[in-house]
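Heads up: the structure comes next, in structure tokens.
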Amino acid sequence: MNACRRRVLLAAVLVVGFFCVAARGQLSDAGSTKDKPSFEDRLEVLYEAVRGGRNDEVTFGSLATLNAYIHDLRLVKNKDERYENRMAARISDILDAGEDKRDLLAKERGFLWRGYSSRYSQRPQMYSIYVPDDYDPEVPIPLIVTLHGGSSNHNVWLAINLGNKISVADYWGSFRSEYRAKRHPNAIVAAPDGLGQIRWRWSGEQDVLDVIDDVSANYNINADKVFLTGLSNGGIGAYTIGLKHSSRFAAVLPVAGVTDWLNHHEADGRWRSCERNVLRNESAITYAANAANTHLRFYHGLNDPGFDVEQARSLAEKLERLAIPFKYHEFKYGGHDLGYVLWRKLLIMRYVRKYSRQVASPSIKLVTASGHANRQGWLALNNRLDHTRPGYLDADVIDDGLIRVRTNNVQRFSILTTEAPIASPFSVQVDGQTVYSGPVPQDNRLTLRASLAPVEGMDGEKVVAQPMWEQWDGSLAPAGTTKTDTLSGPIGDANYEKQIHVYGTLVEDDVVALKKAAYLGARGWMMARDYTEIRHQVIPDSRLTWEMMRDNAIVLYGNGSNNSVLQEIGDRLPIVVGPKHLELRGRKISGWGVGARFICPNPLMPGRYLVVATGTSAEAVESGGRLPIYLADYMVYNHQTVRRKAFMILGGRKEIETGYFTEDWKLPDKRPDR
């Protein structure tokens with residue numbers, strides 16, 4: 001068993017134990033009687049038998065799936081009798097078999113659901129999976145990951161891919177319907193849910209990677225044959241996730257997606273400079289160079305009414321300029337729904353047979369604006385100089401004894417020598433400087449950093465800093481004092497983290513509004529919250545502990561008068577939070593509807609994020625939930641800014657101030673230009 005699989009199984013052990021207990025606590029009356037234990041009771045007993053080594057046939061992955069089934073059954077109680085009866089019978093059969101030391105789920109073939117735990121929800125999550133009838137656990141098998149579009153979910157989307165006809169009007173009513181495969185690819189096919197309708201951004205991105213890990217822990221997946229595709233919103237996810245993590249995939253096959261938010265009608269309007277940066281950093285086209293590390297084929301219809309064909313054309317043009325191989329298929333008479341292209345005659349299997357992941361490639365390109373997507377092949381970009389812009393690495397192995405690396409906006413990076421096609425000894429040149437010559441390091445990782453050396457100008461000209469490269473000595477600035485790629489903002493970056501949302505309780509009249517704001521935030525206030533499965537924990541300020549701050553990003557709701565945590569740390573934040581005012585550069589701001597949302601290191605736990613949702617009143621805090629999806633590090637607003645819900649950007653509405661904090665987590669010296 002490989003190390004990755006062991007880690008996933010260990011996580012499953014810990015989380016299943018938690019959810020078994022949680023399920024009993026939250027669902028105390030779950031159908032148990034004196035003579036008939038509940039599903040929850042039976043699952044806990046089975047879990048203890050597996051953990052204690054008394055049942056070595058049932059896997060932890062099957063226990064996690066059972067937990068998800070039971071939780072969903074209780075969630076749907078008295079709403080869908082047909083589903084409830086079907087699911088109750090299925091749970092009973094699986095438990096009966098498990099108690100008899102048989103694992104039905106592990107042996108099941110065809111179309112089924114699997115469950116797993118997610119850091120983004122207190123509810124267990126599910127995904128749909130197809131396992132071929134002739135799957136042999138002793139033989140590695142390809143994996144196709146397929147991402148659903150808007151108004152769909154994992155079950156509906158996999159059913160359509162596998163030949164079931166479901167009209168768009170029936171999507172919502174079919175989320176829990178039972179389907180069978182009518183097409184039979186010779187691969188495992190997994191359809192994540194992506195935590196609902198959040199366009200696979202942030203936590204949705206990580207959800208795809210988590211599902212790949214879960215499938216790989218429970219089936220014998222050929223790691224060199226993992227493919228990613230999706231339609232519409234799923235096309236957005238396939239482009240973005242596929243390019244951010246391109247070296248993980250044998251091929252990336254997006255259909256009718258968006259590549260550039262700056263060229264999309266939903267983000268039309270007057271962009272502030274910080275909005276432009278955020279939109280650019282979240283656009284797949286920014287990561288185009290990473291296509292060199294995989295096989296990219298993409299598809300778009302000329303008459304697509306939702307996502308303009310220019311989305312695909314602009315990416316194709318950029319790839320041509322970069323001289324990176326790709327295949328673009330444009331359908332002259334095609335509209336938006338092109339899902340049939342890859343699935344109707346299982347064309348996708350032709351690509352499964354044709355392509356394999358690039359292993360030990362002599363050339364690697366790495367572009368990233370995210371610390372959560374900092375690895376391509378044998379290169380890892382550990383830290384950037386300017387965290388508002390992408391960093392670039394372009395590396396080539398020359399004759400197995402020399403690595404040449406070109407950089408832009410990189411402060412520190414690593415070469416993973418066991419995965420690079422090099423021999424020992426070897427040399428490394430970075431931006432023309434020979435930085436290392438010697439044997440392969442004992443830990444098989446060579447990390448290099450740039451120190452900014454001043455280049456003196458003539459006759460008082462401005463001094464320019466040029467990077468001078470050297471081997472990293474392991475030293476780091478104290479946590480929270482400077483931005484790093486794991487603690488850099490913007491606000492959306494906290495959505496990659498497990499969170500706890502904390503509302504103030506010091507003022508009784510404010511509790512209802514602050515609690516409402518916290519529950520809204522815990523469902524993903526920056527995303528399409530009406531259609532998400534995001535369910536972070538919500539607690540009052542009196543319950544916050546050091547352990548919670550150590551293990552989570554903390555989101556605080558309130559101000560210095562009504563939230564005890566902000567009362568303690570308000571004057572230690574880059575935007576000072578007072579009892580009824582905010583303070584920017586020594587200037588106090590108060591008044592009706594004034595509020596702010598910002599991200600920074602937690603002063604009480606500097607290595608973790610803190611997000612502050614504050615305002616001069618509880619109502620001003622709550623109104624911050626109407627801010628747009630894409631924010632920089634901070635937004636200070638008034639009642640006019642949030643008079644109605646914004647979508648992707650703020651547009652023409654005026655804010656008090658918005659922008660990025662400096663690299664040492666302070667407000668810029670003057671208000672940024674709008």
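The values are calculated or read from the model by the stated rules, or taken from the named source; none is laboratory data. Because the structure is predicted, anything quoted here is derived from the model rather than measured. In this analysis, Cβ positions are derived from the backbone assuming ideal geometry, glycine residues included, and neighbour counts consider all displayed protein chains. To get the accessible areas, we keep the full protein, side chains included, count just its heavy atoms, and leave off ligands, DNA and RNA. Shrake-Rupley method; radii C 1.70, N 1.55, O 1.52, S 1.80 Å.
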(message) Considering only residues that are in contact (Cβ under 8 Å) with a residue 24 or more places away in the chain and of a type outside the set (A, V, I, L, M, F, W, C), which ones fall in segment 326-348?
(response) K327, Y328, H329, E330, K332, Y333, G334, G335, H336, D337, G339
(message) Can you confirm whether A522 is buried (at least 17 other Cβ atoms within 10 Å of the Cβ) and touching a residue at least 40 places away in the same chain (Cβ under 8 Å)?
(response) no
(request) Go through T418, T388 for me and flag whichever is open to solvent by 10 Å² or more (accessible area, probe 1.4 Å), polar (S, T, N, Q) and more than 27 Å from the chain's Cα centre (by Cα). (result) T418
(request) Would you check which residues across segment 630-674 are of a type in the set (F, W, Y) and on the phi > 0 side of the Ramachandran plot and list them? (result) W665
(message) Can you confirm whether L402 is surrounded by 20 or more Cβ atoms within 10 Å (Cβ to Cβ) and among the hydrophobic types (A, V, I, L, M, F, W, C)?
(response) no
(request) Give the residue that is most open to solvent (accessible area, probe 1.4 Å), with candidates limited to residues of segment 263-299 that are outside any helix (DSSP H, G or I) and at pLDDT 95 or above. (result) H295
(request) Could you grab me the full set of residues in segment 656-674 that are in a loop (DSSP other than H, G, I, E, B), at pLDDT 95 or above and within 24 Å of D268 (Cα to Cα)? (result) I656, Y660
(message) If I ask for residues that are out of contact with any Lys or Arg (no Cβ under 8 Å at 6 or more places or on another chain) and either at positive phi or assigned to a helix (DSSP H, G or I) (or both), which ones from segment 246-260 would you list?
(response) S246, A256
(request) Filter segment 124-159 down to residues that are polar (S, T, N, Q) and part of a loop (DSSP other than H, G, I, E, B) and give me whichever is nearest to the chain's Cα centre (by Cα). (result) N153
(message) Among the residues of segment 191-214, are any open to solvent by less than 10 Å² (accessible area, probe 1.4 Å) and farther than 24 Å from T532 by Cβ?
(response) no
(request) Would you be able to say whether some residue in segment 643-652 is in contact (Cβ under 8 Å) with a residue 12 or more places away in the chain, among the aliphatic types (A, V, I, L, M) and in contact with a Cys (Cβ under 6 Å, 6 or more places away or on another chain)? (result) no
(request) Could you figure out which of (1) touching a helix residue (DSSP H, G or I) at 6+ places or on another chain (Cβ under 6 Å); (2) surrounded by fewer than 16 Cβ atoms within 10 Å (Cβ to Cβ); (3) hydrophobic (A, V, I, L, M, F, W, C) isn't true of L302? (result) (1)
(message) Would you confirm whether or not segment 224-246 contains a residue that is within 23 Å of the chain's Cα centre (by Cα), open to solvent by 20 Å² or more (accessible area, probe 1.4 Å), farther than 22 Å from N281 by Cα and modelled with pLDDT of 95 or more?
(response) yes
(request) Go through N67, N55 for me and flag whichever is open to solvent by less than 60 Å² (accessible area, probe 1.4 Å), at pLDDT 95 or above and not in a helix (DSSP H, G or I). (result) N55
(message) Anything in segment 576-612 that is of a type in the set (A, V, I, L, M, F, W, C) and surrounded by fewer than 15 Cβ atoms within 10 Å (Cβ to Cβ)? List them, or say none.
(response) W592
(message) Residue under question is F307, and the condition is that it be among the hydrophobic types (A, V, I, L, M, F, W, C) and assigned to a loop (DSSP other than H, G, I, E, B); does it hold?
(response) yes
(request) Looking for whichever is among the small types (G, A, S), open to solvent by less than 30 Å² (accessible area, probe 1.4 Å) and out of contact with any Gly (no Cβ under 7 Å at 6 or more places or on another chain) here; the options are S167, S151, S177, S121. Which one fits? (result) S121
(message) For the condition out of contact with any strand residue (DSSP E or B) (no Cβ under 6 Å at 6 or more places or on another chain), over 23 Å from V397 (Cα atoms) and assigned to a loop (DSSP other than H, G, I, E, B), what is the one hit in S361, S370?
(response) S370
(message) Looking at segment 278-306, I want the residues that are farther than 13 Å from A316 by Cα and have a partner that is assigned to a helix (DSSP H, G or I) and of a type in the set (D, E, K, R) with Cβ atoms under 8 Å, at least 6 apart or on another chain. Which pairs are those?
(response) N290/K244
(request) Could you list, in sequence order, all residues of segment 373-408 that are in a loop (DSSP other than H, G, I, E, B) and either in contact (Cβ under 8 Å) with a residue 40 or more places away in the chain or at negative phi (or both)? (result) A373, N374, G377, W378, R384, L385, D386, H387, T388, R389, P390, G401
(message) For the list (1) on the phi < 0 side of the Ramachandran plot; (2) outside any strand (DSSP E or B), I need the number of the one condition that G524 fails.
(response) (1)
(request) Go through segment 349-358 residue by residue and tally those that are surrounded by fewer than 19 Cβ atoms within 10 Å (Cβ to Cβ) and part of a loop (DSSP other than H, G, I, E, B). (result) 1
(request) With respect to L346, determine if the residue is farther than 28 Å from L416 by Cβ, part of a loop (DSSP other than H, G, I, E, B) and among the aliphatic types (A, V, I, L, M). (result) yes
(request) Looking only at segment 197-230, count how many residues are touching a residue at least 60 places away in the same chain (Cβ under 8 Å), under 12 Å from H245 (Cβ atoms) and assigned to a helix (DSSP H, G or I). (result) 4
